[in-house]
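Some notes on the structure that comes next.
The values are calculated or read from the model by the stated rules, or taken from the named source; none is laboratory data. Since the model is a prediction, treat every value here as computed from it, not as a measurement. Here the Cβ positions follow ideal geometry from the backbone for every residue, glycine too, while neighbour counts run over all protein chains shown.
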Amino acid sequence: MPSTRFAPPTEVPGLAARRIAADILDGVLHKHRMLDDQLDGAGAHPGLKTLSDRDRALMRRLVATILRRLGTLGHVLSKLLDRGIPTDAPRAQSALLIGAAQILWMDVPDHAAVDLSVRLVQADRRAAKYAGLVNAVLRRCAREGQPLIDEVKSQMLDLPPWLVTRWIAAYGEDATRAMAAAISVEPALDLTVKSDPEGWATRLHGEALPTGTVRTLLHGSVTMLPGFNDGQWWVQDAAAALPARLFGDVKDKSIADLCAAPGGKTAQLVHAGARVTAVDRSPNRIARLKDNLSRLALTAETAVADAAEWQPASNELFDGILVDAPCAATGTIRRHPDVAWLKQEADIGALAALQKRLLQKAVTLLKPGGTLVYCTCSLEPEEGEQAVGELLAAESGLRRAPVGRDEVAGLDEILTQEGDIRTLPSHLAHDDPHMGGLDGFYAARLIKS
């Protein structure tokens, strides 16, 4: 029997996943790095390659839970700490957040959550002196944490105050509370399928929504699901799947998709028979769009360019223009909880100016009688209703074409009085909160006379 006397020590199971979670949390909260950039692509955390699929899923869920419930975690920990969270050792902060999130919301034994958080601080030179504090606070959290949450019973804590103020002004307090509650829950996976939503819902153990999107709870990697390798569907929130449908029958029509990556709406239009030119300023994002279309066996013309300056080589005018404009993305917080902590209210003005330029450019690229669809995944009126209102006031040759309830599967709650689409995270309620909700989206359809 071979000797194991000199075998290297093995790391405590689960510690690597929590150490990487701490690094990624630090990236979001202190270095202002987007979560997706740290999980995928060239900027991904190098340690991810060493994790098993199970540990990678745990790490992602841990980070997302903390970002989704950051305000509530801060409230609980402030009640359990006499002198507040240590500010001179980021790893101590991360360890407290990671331990408390597991104790309060995840299916992890309390003793394991405490032990692994203590090990996290012990392994960090600056944080090691706080090992005793972390141990004591998390043990108290296991005993007293849930009553402290029940004491406030408000997911409003988990949104930045500036955003809460804006949403109350735009939608009212009741709607804002409902949105905050929807955002606090990890959402299901939404898929746009090429055909047979009911059949795919059965195969994927999910549900077909009235709009045709298939919604399912994800266990493991998306790439392992039936139909992924065959290119039968793509990941796309149910709300994000609505704007491309506002063009109606697009067979053989020419459509420019401005700011197109990662390509979900381009895929919808190509699959429906349109001749699509997809424009995006980022070469990396266009490369990703091409990869996605290749998997789906779909093809589109592509252009790497600033959409506000882009001019097609042939100077052609298009039957349709889709402007899916860069925005504050506050409607996507339920799927991308880092957005709440990375965006600032000051960002909105600059983005609104860019949206105005994109809309003005789109009008010049559109044939007379052509259709312009404008959309943003933002809940901020300046980036939606106000942007379209200002465009219509400035362009006498444009008129609104109201969206009919039959075009949105009878979901009256998502239509505005003017006939635009405005989805909220609290829409499409479900008995299982994980299976309900939509991204916050705005979309309007305009016709050039």
Output the qualifying pairs, or none if there are none: Cβ atoms under 7 angstrom, residues six or more apart or on different chains, first residue in region 22-37 and outside the structural domain of Ala328 (by TED's automatic domain parsing), second residue of a type outside the set (Phe, Trp, Tyr) and assigned to a loop (DSSP other than H, G, I, E, B).
Asp23/His45; Ile24/His45; Gly27/Arg33; Val28/Asp338; Met34/Asp338; Leu35/His336; Leu35/Asp338; Asp37/Gly43
Under 27 Å from Val235 (Cα atoms), aliphatic (A, V, I, L, M) and assigned by TED's automatic domain parsing to the domain that holds Leu246: does that describe Ala346?
no
Mind listing whichever residues of region 232-263 are assigned to a loop (DSSP other than H, G, I, E, B), over 23 Å from the mean Cα position of the chain (by Cα) and hydrophobic (A, V, I, L, M, F, W, C)?
Val250
Looking at (1) over 20 Å from Val323 (Cα atoms); (2) under 22 Å from the mean Cα position of the chain (by Cα); (3) not in a loop (DSSP other than H, G, I, E, B), which is the only condition His427 fails?
(3)
Asn229 passes all but one of (1) closer than 15 Å to His271 by Cα; (2) assigned to a loop (DSSP other than H, G, I, E, B); which number fails?
(1)
Which of the residues that make up region 370-390 are more than 19 Å from Gln344 (Cα to Cα) and of a type in the set (Asp, Glu)?
Glu385, Glu390
Name every residue in region 349-371 that is buried (at least 19 other Cβ atoms within 10 Å of the Cβ) and under 25 Å from the mean Cα position of the chain (by Cα), in order of residue number.
Leu351, Ala352, Gln355, Leu358, Leu359
For residues that are assigned to a helix (DSSP H, G or I) and charged (D, E, K, R), scanning just region 375-389, find the one that is surrounded by the fewest Cβ atoms within 10 Å (Cβ to Cβ).
Glu385
Here is a check on your reading of the model: is Val373 more than 30 Å from Leu67 (Cα to Cα), in contact (Cβ under 8 Å) with a residue 40 or more places away in the chain and in contact with a Gly (Cβ under 9 Å, 6 or more places away or on another chain)?
yes
Search region 17-64 for residues being outside any helix (DSSP H, G or I) and aliphatic (A, V, I, L, M), and hand back the single one that is surrounded by the fewest Cβ atoms within 10 Å (Cβ to Cβ).
Ala42
Taking the conditions exactly as written (closer than 20 Å to Leu296 by Cα, part of a helix (DSSP H, G or I) and among the aliphatic types (A, V, I, L, M)), does Ala181 satisfy them or not?
no
Single match in Arg56, Arg68, Arg91 (criterion: at pLDDT below 95 and touching an Asp or Glu at 6+ places or on another chain (Cβ under 9 Å))
Arg91
Filter pass, Gly74 being surrounded by fewer than 19 Cβ atoms within 10 Å (Cβ to Cβ) and in a helix (DSSP H, G or I):
yes
Picking from Leu298, Leu365, Leu317, the residue that is farther than 27 Å from Ile414 by Cα and in contact with a His (Cβ under 9 Å, 6 or more places away or on another chain) would be Leu298
List every residue pair whose Cβ atoms lie under 8 Å apart, where the two residues are 6 or more positions apart in sequence or sit on different chains, the first residue falls within region 294-320 and is assigned by TED's automatic domain parsing to the domain that holds Pro262 and in a loop (DSSP other than H, G, I, E, B), and the second residue, located anywhere, is crowded, with 16+ Cβ neighbours inside 10 Å and among the basic types (Lys, Arg).
Leu296/Lys194; Ala305/Arg281; Asp306/Arg281; Ala307/Arg281; Ala307/Lys361; Ala308/Lys361; Glu309/Lys361; Trp310/Lys361
Of all residues in region 263-284, which are out of contact with any strand residue (DSSP E or B) (no Cβ under 9 Å at 6 or more places or on another chain) and closer than 23 Å to Ala42 by Cβ?
Asn284
Residues being without any contact (Cβ under 8 Å) to a residue 40 or more places away in the chain and either over 30 Å from the mean Cα position of the chain (by Cα) or not in a helix (DSSP H, G or I) (or both) - total across region 80-113:
10
Restricting to region 173-191, name every residue that is free of Cβ contacts under 8 Å to residues at least 24 places away in the same chain and farther than 16 Å from Thr423 by Cβ.
Glu173, Asp174, Arg177
Of a type outside the set (D, E, K, R), part of a helix (DSSP H, G or I) and farther than 21 Å from Thr213 by Cβ, is that true of Leu392?
yes
Of residues in region 395-443 being hydrophobic (A, V, I, L, M, F, W, C) and free of Cβ contacts under 8 Å to residues at least 24 places away in the same chain, the one surrounded by the fewest Cβ atoms within 10 Å (Cβ to Cβ):
Ala429
